[in-house]
Amino acid sequence: MDKKTEEHLKRLKQNIGVTPNVLARLAFFKSIESGTNVDALEKKLDGNLVLDKITWLGDTMFITEQLLKYKYPNLNSKDYMIIWAAHVEDGMASLRNHKTLLSFTSSI
C-alpha cells in the first residue's frame, strides 16, 4: 500500500474509530462494486503499515482472493497483493473525507 493511502486510513481511524484493516476491506469492496479495473502492476508499495494477510483481509479473505482471481486471472500472489492495494486506494477516494461515523456509514 502506498503512504498516501495509509495516511488516509489512519486519519479516518482517528475521525471515526474504525481500524485501518476494516477500512481497507470496505474500500476494496467499494472499488470492486464500482466496476473499477486497475492496471497497477508497476505500482510501488511504499507504505509502512505492515500487517499480515489475515489481519488485512480477515473473514473476507476467501471472497477477496476469489474476486481478484476472477477479475484478474493469470497473476501471481505478489501481483494480487499489488492489485488489491490499488483497489483499496481507488475505494478510499470515496471514503477518505468523512469526519464522523454517521457520515461514513451513510456513504457505504
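The number of residues in the range 13-33 that are part of a helix (DSSP H, G or I), among the hydrophobic types (A, V, I, L, M, F, W, C) and more than 12 Å from the chain's Cα centre (by Cα) comes to 1.
Can you name every residue in the range 44-70 that is open to solvent by 60 Å² or more (accessible area, probe 1.4 Å) and in a helix (DSSP H, G or I)? Selection gives Lys53, Ile54, Asp59, Phe62, Ile63, Gln66, Lys69, Tyr70. Name the single residue, out of those in the range 79-96 being of a type outside the set (Gly, Ala, Ser) and out of contact with any Leu (no Cβ under 9 Å at 6 or more places or on another chain), that is surrounded by the fewest Cβ atoms within 10 Å (Cβ to Cβ). Only one residue tops the list, namely Asp90. Pairs, please: C-beta under 7 Å, at least 6 apart or cross-chain, first residue at pLDDT 90 or above and in the range 28-41, second surrounded by 12 or more Cβ atoms within 10 Å (Cβ to Cβ) and of a type in the set (Phe, Trp, Tyr)? Partner pairs satisfying both residue conditions: Phe28/Trp84.
The values are calculated or read from the model by the stated rules, or taken from the named source; none is laboratory data. Note that this is a predicted model, so its numbers are computed, not measured. All Cβ positions, glycine included, derive from the backbone under ideal geometry; neighbour counts span all protein chains shown. For the accessible areas, the whole protein counts, side chains as well, though only heavy atoms, and no ligand, DNA or RNA atoms are used. Shrake-Rupley method; radii C 1.70, N 1.55, O 1.52, S 1.80 Å.
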